[in-house]
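Beneath this line is the structure, given in structure tokens, with notes to follow.
The values are calculated or read from the model by the stated rules, or taken from the named source; none is laboratory data. Note that the structure is predicted; figures quoted are calculated from it, not measured. Here the Cβ is made from the backbone with ideal geometry for all residues, glycine too, and neighbour counts use every protein chain on show.
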Amino acid sequence: MITKKDVGKLVQDAHGRTGILRDVIPDYEDPAAMPFERRPQRMAFLIPENGGREWLVAPSVVTRVEA
């Protein structure tokens, strides 16, 4: 599992997608969810290495890529 110390490092998620870790938020609440469905959860924010759309994933399924 990754932590805030890994921000800026190359990582890989459980689906095999690699990207740069942008942040880990311990109490993220999805603003798109209905208010009664929101609950704080740990979330990692990743972006493709060469740019593109950021994606969110649970930090427990993200690992560092050893260079």
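Figures for the structure shown
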read-out	value
Pairs where the first residue, in segment 9-29, is in contact (Cβ under 8 Å) with a residue 24 or more places away in the chain and the second is acidic (Asp, Glu), C-beta under 7 Å, 6+ apart	Leu10/Glu49; Thr18/Glu49; Gly19/Glu49; Ile20/Glu49; Leu21/Asp6; Arg22/Glu54
Hey, Leu21 surrounded by 15 or more Cβ atoms within 10 Å (Cβ to Cβ), at pLDDT 95 or above, under 15 Å from Ala58 (Cβ atoms) and touching an Asp or Glu at 6+ places or on another chain (Cβ under 6 Å) or not	yes
Residue in segment 50-64 that is surrounded by 14 or more Cβ atoms within 10 Å (Cβ to Cβ), assigned to a loop (DSSP other than H, G, I, E, B), in contact (Cβ under 8 Å) with a residue 60 or more places away in the chain and of a type outside the set (Gly, Ala, Ser) present	yes
Boolean, Arg53 is more than 20 Å from Met1 (Cα to Cα) and out of contact with any helix residue (DSSP H, G or I) (no Cβ under 8 Å at 6 or more places or on another chain)	yes
Given (1) part of a loop (DSSP other than H, G, I, E, B); (2) surrounded by 15 or more Cβ atoms within 10 Å (Cβ to Cβ); (3) without any contact (Cβ under 8 Å) to a residue 40 or more places away in the chain, number of the condition Met43 does not satisfy	(1)
